[in-house]
Amino acid sequence: MLNLLGAAEIREIAERIGVNPTKKLGQNFVVDANTCRRIVKTADVQPTDVALEIGPGLGSLTLALLEIAQEVVAVEIDTRLADELPVTVARHDVPIDRLTIVNKDALEVTELPIQPTVLVANLPYNVSVPVLLRFLELFPSLNSGVVMVQSEVADRLAATPGSKSYGSPSVKATWWADVTAAGNVARSIFWPVPNVDSSLVKFVRHESPGDEALRVMTFRLIDAAFAQRRKMLRGAIADAVGGSAVAIEIIEAAGIDPNCRGETLVLKDYVALANAFAKRNNA
Ligand code: SAM
């Protein structure tokens, strides 16, 4: 077992490198080793895994990952944190060649030096959904993962039709994976203590329902349906498909009630609509 970071060491590192946690970058650092181990356990990280961490910060979760995973690749936007991470890892007696740091905005990453197998991250809250969807899309080698996000976002990601939290992220995430809630995390384990609650979300990749062209059309329909979620489906998707006559035609071809609302549909319905649209255009 490694000696993981505690509250005192975290403050000492932050002070030494001049990091004053900013809200803009969602910098709330975990100061509790048990929580870090719990996250790694929930993600079921194995010794053969290459773990991807987005926003390693001062390294609390990184060290817990290095305790089990073969390698960690960490994407950090803040250069001071990215530069200090290898120092912290070496100080905790982990060979630094097991860690690869990418000092970049996660939203601009298009490739990684090694293919990750599991995503484990305490995501920066303001970009958590786009970051998660982007990495699921770009890195098919990611088989599963656990992310910590704002509880409200966790509810949205794991929501099913009929719940108030059900929205476009809930449907889009299911293109790639089964997504489930994996428990709450106390505010007191962060420094600084955030003014929102946090929860864990687990995902396990499954086979996607189709190719990239089908995904793009499916996501366009999802966005249109949820942009006007109180409207009936045929009205909400009309602009996206070139008019209400086309909307009615593809809704009927997909075997869906044209008077329903998009918020009652699941991914398979949107895929059926996108397939009906493609078939109509190719006819
Ligand atoms: N993993 C650390 C922990 O649990 O203590 C820090 C988590 S903190 C919530 C979020 C981290 O993400 C910070 O280190 C922040 O600098 C970094 N970050 C914020 N926006 C980012 C972005 N767009 N791309 C990569 N890292 C980002």
Debye intensity ratio I(q)/I(0), log10, segment 65-137, q values 0.18, 0.20, 0.26 Å⁻¹ (C-alpha model)
-0.76, -0.93, -1.42
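Quick one: 54, 13, fewest Cβ neighbours within 10 Å first, how do they rank? Walk me through the intermediate numbers first.
Details: 54 26, 13 21.
Ascending number of Cβ neighbours within 10 Å: 13, 54.
Counting other C-beta atoms within 10 Å, which of 73, 87 has the fewest, and how do the rest follow?
Values: 73 20, 87 14.
Listing 73, 87 from fewest to most nearby Cβ atoms yields 87, 73.
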Values of log10 I(q)/I(0), in the order q = 0.08, 0.15, 0.17 Å⁻¹, for segment 7-205 under a Debye, Cα-only, solvent-free model:
-0.23, -0.86, -1.13
Fully extended, how many nm does the chain gain between residue 11 and residue 160 (0.36 nm per residue separation, minus their Cα-Cα distance)?
49.6 nm
List the GluC sites (Glu not before Pro) within segment 43-135 that DSSP assigns to loop and that have no more than 14 neighbouring Cβ atoms inside 10 Å.
111
List the residues, sorted by chain then number, that are 5 or more residues from residue 101 or on another chain and whose placed amide H is less than 5 Å from its amide H.
74
Roughly what would the spin-label model give for residue 98 and residue 220, points 7 Å off Cα along C-beta, in nm?
4.7
Taking 279, 172 and counting other C-beta atoms within 10 Å, the order from fewest to most
279, 172
Return, for the Cα atoms of segment 1-105, the radius of gyration and Dmax in Å, separated by a comma.
12.6, 36
The chain: Lys pairs at Cα distance under 22 angstrom, eight or more positions apart or on different chains:
14
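Rule-based calculations on the coordinates, nothing more; no lab input. As the structure is a prediction and not an experimental result, all values here were calculated from the model. Cβ coordinates were reconstructed from backbone atoms using ideal geometry, including for glycine residues, and neighbour counts include every protein chain displayed.
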